[in-house]
Amino acid sequence: MRRIRRAHVLLAALAAALCVPASGVSSDSSSPSMITKVGKLEGTLNLIAWEGYTYKQWVTPFVKKTGCKVHSKFGGSSDEMVTLMRTGQYDAVSASGDASLRLILGKDVRPINPSLVPDYKNFIPALKSPSHNTVKGVHYGISLQWGPNTLLYNTKKVKPAPNSWSVLYSSKYKGKVTVPDNAIQIADAALYLSKSKPSLGITDPYELNDTQFKAAVALLKKQRPLVKKYWLTAGDEIDLFKNGGAVVGASWPYQTNTLQAAKAPVKDLIPREGATGWADTWMISSKAKHPNCAVSWIKWVSTPKVQAQQAIYFGETPANTKACKIMDQLSKGSCAQYHANASTAYFNSIKFWKTPVKDCGNGKSNCMDYTKWQAAWTDIKS
Amino acid sequence: MRAVALLLPPLGWMLVFYLAALAVLFVSAFWSVDSFTGKLTHVWTWTNFDTIIHDPTYRQIAWRTIWMAALVTLTDALIAFPFAYYMARVATPRLRTLLFVLVLLPLFSSYLARIYAWRLILNQDGALNWSLAKIGLPQQDWAFTSTAMWIVFSYIWLPFMILPIYAALERIPDSYLEASRDLGARNWTTFRRVIVPLALPGIAAGSIFTFSLTLGDYITPSLVGNVDFIGNVIYRNVLGLTNNLPFSAAYATVPLIVMAIYLALAKRVGAFEAL
Amino acid sequence: METRATRLSLSVWTVLIVLFLWIPLVLICVYAFNSSNIQSWPIAGFSTKWFHLAWHNEEARSALVLSLKAAGIATSIALVLGTAAATVVSRFRFFGRDAITFLLVLPIALPGVVTGIALNSFFNNNPIHGLTPSLWTIVIGHSTFCIVVVYNNVVARLRRTQTSLTEASMDLGADGWQTFRFVTFPVISTALVAGALLAFALSFDEVIVTTFTAGAQNTLPIWILGNLRLGQQLPQVNVVVFFVIVMTVVPVVIAQRLTRDTGILRRR
């Protein structure tokens, strides 16, 4: 029946015509406006967060207080969080340093006036206007917490207790190692090489020239046969350590806390070469549908009590200096355990995640940018 | 014409919401993204396809996926056939109902939970090793290996293979088999020359599911494997790494082409009637 | 017809396969009673505390409700569109008939991730149609593969019935709609049930396409995926899955009973 055929073709052409040009429309080029006040609360809040950042211990009182129902989506890596933010479906994200600049440059987040957050003045100086969330004096978010990527090991199976990242690269525990499935891991290899092969001259694990980069990638390729599984989610690593799949690996304190609570024989530490880490910022989306709830959330999680609760639950360090006392009240010794009263020297010893770019920062421009890191990572893993 | 009126809604729906979206997707395979901000730029280029064809990593991933899909399909066909035969031709009606329910119910329980349950079984200290130890057999280290993925994939898609084969076998009239016997064929010959050819459309239909579902899955490799499949690369480049939709779209042409060929072959065997 | 030995080995094989299919499911149900919040073998201890927690878990409830809604709507759309297409395809001969079947099969034949990213970019980069990720985008995503399931069942059934019935109905003066209501519909009703059931199952449990079309809300599979990431609330996931399995036993049994005598060439 000819008529049907023509109808098909017409419809298809029409539909295609509608879609093709439209998909090319890019977002407007105007900058997002600064948030200067908190208006009426909207009753809902959609967050993108790291696992463990929206625990009911501090979410439930928040919902009660503000009526903003919290929905959280967990991101496994900064890359995922950036992409999720770009969909415009979420209100705020707990972005680490390697995501925040990308979001700022992509105009995906709104600047915020820090005076909206009363606890801001109690933050440690280094996190008030750090370069990963403050650009040219404009704040694109409020610092949250920070912490190290740790070395986790099974106390019964790994003897003697390790004190260096080398344990992840030696064949002693072949087939029982686990590291995160995240391109930023190249920095951890670079960090290890900066101390074990000083001749390479690595000073900043995120600024790697061609030779340094190749060395890090080679090390990771050598590590590949040792790795039982590249963990994608905290749950993966917890499962691996609990069920004998891995006995040593790179981790976050969240996994350590969860495993220890379930009586698994594990311990973690920061090896002698130091550690990479993260410094997280809550940033509000430029397309946020519930900005007032988002600001209220940021205010809430900056208060000393919530900072202390989150620090202990996840195992990280609060930005608010007033949290230390409360941490010790909630769990004796936790303030020192999680370095909440640590010196600036400790803070500076952690190599916080940041997005690798071509500009090496010392006048040269031959560092590997992130697309090369991602491509190399896919290569390493296969 | 009433026929047109009836046909337009489903066709229109599929054209607008599926074909058009697919077309736009494959057009974007020729574009690229800004490397820092990740926004789509409309610069026409072959780079994406270039990378896929020439970079050995992506070729390896594609072959690995296709090979696993074929293996799983074969495994499921072998497992499902005797089961479906029993269900269709040996079991009593009541037993048949029971078996049918037992096969269908797993499709309603969470696919994720079922995969996760396999982790519990295949872990180093999991149920399988525990059982092997009890009967004195050596421990296995299958967790997060290709073996684990093979087992889990075959497990998950098995009902999709059983049902079409069952439907095909059930439709074979007794008279055919009687005729075959009358003509002097013994059981095995009847099986080979009457039953299997008549069941083939069902097997082919089931294989479409097992093959394509394995080809595009990224969840099972993430949960129980440790290597990348085509689905992982596509997923990661859209929702994981920078929003590199063009690259994902380009890589997505691989399963598209593979399935186009597979569907063409399956159609010849009559699979489309047996879905 | 088959030898006793064949029948015996077939029965043994069947039992083994049933065990293979069901052991993981049984494990899920058993671990709903796990006293520890991390899964390990053997089970740490028995406790029913998770049932209470899961019941009051607001996120789990809203995820379950969203899944039911999405599956319900997607199945309804699939029933209407699938039947419409099936009726036309089996009653008329025209050019492009095979193409229609091919088009409808595509969403199920192509990997879900392809459908997912296609719809994702369609919904995200398109201010013209104004559709933002919501229940409707989820439904649209699911309907693409649900339509073919209903379509296939109805086509298969219609192929086995005689066109003389509808012709007779028309001759007796019934118009198209009446013919459909009184003649065609009863014939295909059980095929519709089977198709609807399978479509509902596919939609309810779908996670890959949904990840790309759901935006900020959680369907049940997405909620489960979030909990797998956390690694701390697995027993609650098991409780919910256990609940779903139990809830679906009855509809599945009923559906099977209804569709039992589909075989016109039945024997035994």
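None of the figures in this text is laboratory data; all of them are computed from the coordinates on show. Keep in mind the model is a prediction, meaning the values are calculated, not measured. A quick note on method: Cβ atoms are made from the backbone with ideal geometry, for glycine too, and the neighbour counts reach across all protein chains shown.
A:Ser72's amide H: which non-local residues (gap 5+, or another chain) put their own amide H closer than 5 Å, with H modeled 1.01 Å from N in plane and none for Pro or chain starts?
A:Leu47
When the helix-only estimate is applied to chain B (DSSP H runs of n ≥ 4, each -39,500 (n - 2.57), divided by the residue count), what is the mean residue ellipticity at 222 nm, nearest 500 deg cm²/dmol?
My calculation for chain B gives -22500 deg cm²/dmol from helical runs alone.
Express the Stokes-Einstein translational diffusion coefficient of the protein assembly as shown in µm² s⁻¹, to the nearest whole number, given a Kirkwood radius over alpha-carbon pairs, 10 °C and a viscosity of 1.306 mPa s. The partial results should precede the final answer.
Details: Rh = 29.4 Å.
Stokes-Einstein gives a translational diffusion coefficient of 54 µm²/s.
Simple spin-label model, 7 Å along Cα-to-Cβ: B:Leu132 to C:Arg160 in nm?
Going from the B:Leu132 label point to the C:Arg160 one covers 4.5 nm.
Mind giving me the nanometre distance, one decimal, between the label points for A:Ala161 and C:Glu58, set 7 Å out from Cα along Cα→Cβ?
Here the modelled spin labels are 4.3 nm apart.
Can you return the aspartates and glutamates within cross-link range of B:Lys134? Criterion is Cα-Cα under 20 Å, with same-chain partners fewer than 8 residues away left out.
B:Asp125
Most fluctuating residue of B:Gly136, B:Gly206, B:Gly216 in a GNM of chain B with Cα springs under 10 Å: which is it?
Top of the fluctuation ranking is B:Gly136.
Please give me the summed charge of the neighbours of A:His339: other residues whose Cβ is under 14 Å from its Cβ, Lys and Arg +1, Asp and Glu -1.
Working: positive: none; negative: A:Asp268, A:Glu316, A:Asp328.
Every neighbour counted, the sum reads -3.
Amide H neighbours of A:Phe123 under 5 Å, at least 5 residues apart or on other chains, H built in the peptide plane: list them.
Close amide H contacts, sequence-distant or interchain: A:Thr321.
Roughly how many whole Å is it from the C-alpha centroid of segment A:299-348 to that of segment C:49-95?
47 Å
Got a sec? How would C:Phe145, C:Phe46 order by Cβ neighbour count within 10 Å, fewest to most?
Going from least to most buried by this count: C:Phe46, C:Phe145.
Is chain A best put as rounded, prolate or oblate by its Cα gyration tensor, with a ≥ b ≥ c the root eigenvalues, rounded for a/c under 1.5, and otherwise prolate when a/b is larger than b/c, oblate when not?
Judged from the Cα gyration tensor, chain A comes out oblate (a/c at least 1.5, b/c at or above a/b).
Rounded to a whole number, what is D in µm²/s for chain C from Stokes-Einstein with the Kirkwood radius over alpha-carbon pairs (37 °C, 0.692 mPa s)?
On the way: Rh = 21.5 Å.
The diffusion coefficient I find is 153 µm²/s.
Give a residue-ordered list of calculated ³J(HN,Hα) values for segment A:163-174 (Karplus: 6.51 cos²θ - 1.76 cosθ + 1.60, θ = phi - 60°; whole Hz; x for Gly, Pro).
9, 9, 5, 4, 4, 7, 10, 9, 7, 5, 10, 4
Counting just the Cα atoms, what span does segment C:1-136 cover along each of its three principal axes? Round to the nearest Å and put the largest first.
61, 58, 24
As I understand it, the dipole of the protein assembly as shown uses +1 on the Cβ of Lys and Arg and -1 on the Cβ of Asp and Glu, about the Cα centre. Which of A:Thr355, C:Leu119, B:Gly202 lies farthest toward its positive end?
Positive-most Cα among the choices belongs to B:Gly202.
If the cut-off is 20 Å between C-alpha atoms, which aspartates and glutamates fall inside it for A:Lys37, apart from same-chain ones fewer than 8 positions away?
Of all the aspartates and glutamates, those that pass the test against A:Lys37 - Cα under 20 Å, at least 8 places apart if same chain - are A:Asp91, A:Asp108, A:Asp119.
What order do you get for C:160-169, C:201-210, C:88-97, C:238-247 when each peptide is scored by the mean count of other beta carbon atoms within 10 Å, highest first?
The densest-packed peptide leads the list: C:201-210, C:238-247, C:88-97, C:160-169.
Under the rule of at least 5 residues apart or a separate chain, name every residue whose amide H is placed under 5 Å from the amide H of A:Phe352.
A:Gly277
Which entries in A:Lys128/A:Lys322; A:Lys176/A:Lys221; A:Lys195/A:Lys381; A:Lys176/A:Lys381; A:Lys176/A:Lys267 show an alpha-carbon gap greater than 18 Å?
Violating the 18 Å limit, Cα to Cα: A:Lys195/A:Lys381.
Two decimals, Cα atoms only, Kirkwood Rh: what is Rg/Rh over segment A:312-382?
My calculation puts Rg/Rh at 1.21.
Run the simple label-point estimate for A:Lys65 and C:Val250 please: 7 Å along Cα→C-beta, distance reported in nm.
4.5 nm
Check the straight Cα-Cα distances from A:Lys56 and name the aspartates and glutamates below 17 Å, setting aside those fewer than 8 residues away within the same chain.
Correct list for A:Lys56: C:Glu58, C:Glu59.
Would you calculate a helix-derived [θ] at 222 nm for chain A, using -39,500 (n - 2.57) for each DSSP H run of n ≥ 4 and dividing by the full residue count, to the nearest 500?
Values: 14 runs with 143 residues, N = 382.
Using -39500 (n - 2.57) per qualifying helix, the result is -11000 deg cm²/dmol.
Which of A:Gly147, A:Val59, A:Ile238 sits farthest toward the positive end of the charge dipole of chain A, with +1 on the Cβ of Lys and Arg and -1 on the Cβ of Asp and Glu?
A:Ile238
For chain C, what does the helix formula give at 222 nm: sum of -39500 (n - 2.57) over DSSP H segments with n ≥ 4, over the residue count, nearest 500 deg cm²/dmol? Working shown, then result.
On the way: 12 runs with 196 residues, N = 268.
My calculation for chain C gives -24500 deg cm²/dmol from helical runs alone.
What size of dipole, in debye to the nearest 20, comes out for chain A about its Cα centre when the only charges are +1 on Lys and Arg C-beta atoms and -1 on Asp and Glu C-beta atoms?
So the magnitude is around 760 debye.
Give the average, rounded to an integer, of partner chain Cβ atoms located within 10 angstrom of each Cβ in C:39-47.
5
Got a sec? Charge dipole of chain A, +1 on Cβ for Lys and Arg, -1 for Asp and Glu; which of A:Gln374, A:Leu84, A:Ala336 is way out at the positive end?
A:Leu84
What ranking do C:17-26, A:270-279 get when scored by the average of other Cβ atoms within 10 Å per residue, highest first?
The densest-packed peptide leads the list: A:270-279, C:17-26.
Suppose every K and R has +1 on its Cβ and every D and E has -1 on its Cβ; what is the size of the dipole of segment C:1-125 about the Cα centre, in Debye to the nearest 20?
360 debye
Using Cα springs under 10 Å in a Gaussian network model of chain B, which residue among B:Phe17, B:Phe160, B:Phe247 shows the largest mean-square fluctuation?
Among B:Phe17, B:Phe160, B:Phe247, the largest GNM mean-square fluctuation belongs to B:Phe17.
Kyte-Doolittle mean at least -1.0 and Cα extent at least 27 Å along the axis: which DSSP H helices of chain A qualify?
Result, helices passing both filters: A:2-22.
Within a 10 angstrom radius of each residue's Cβ in C:237-247, how many Cβ atoms of other chains show up on average? Whole number is fine.
For this peptide, the per-residue mean of nearby foreign Cβ atoms is 3.
Pop out the ³J(HN,Hα) list for segment C:57-73 in order, Karplus 6.51 cos²θ - 1.76 cosθ + 1.60 with θ = phi - 60°, rounded to Hz; leave Gly and Pro as x.
My calculation for segment C:57-73 gives 6, 5, 5, 5, 5, 5, 5, 4, 4, 4, 4, 4, 4, 4, 5, x, 5 Hz in order.
Could you derive backbone 3J(HN,Hα) for segment B:205-210 from the dihedral phi with the Karplus parameters 6.51, -1.76 and 1.60 (θ = phi - 60°), listing whole Hz in sequence and x where the residue is Gly or Pro?
Ordered by residue, 3J(HN,Hα) equals 4, x, 5, 4, 4, 4 Hz.
Please compute the average number of Cβ atoms from other chains found within 10 Å of each residue's Cβ in peptide A:368-377.
On the way: counts 0, 2, 4, 6, 1, 1, 7, 4, 1, 2.
Counting other chains' Cβ atoms within 10 Å and averaging over A:368-377 gives 3.
Given a cut-off of 31 Å, name the pairs among A:Lys222/A:Lys351; A:Lys299/A:Lys372; A:Lys229/A:Lys354; A:Lys65/C:Lys49; A:Lys65/A:Lys263 whose C-alpha atoms lie farther apart than that in the structure shown.
A:Lys299/A:Lys372; A:Lys65/A:Lys263
To the nearest 20 Debye, how big is the dipole of chain B about its Cα centre, given +1 on the beta carbon of each Lys and Arg and -1 on that of each Asp and Glu?
It comes to approximately 620 debye.
Computed FRET efficiency, Cβ-Cβ of B:Trp46 and A:Asp210, R0 25 Å: what is it to the nearest 0.05? Kindly include the intermediate steps, with their values, before the conclusion.
Details: r = 26 Å, r/R0 = 1.03.
About 0.45, to the nearest 0.05.
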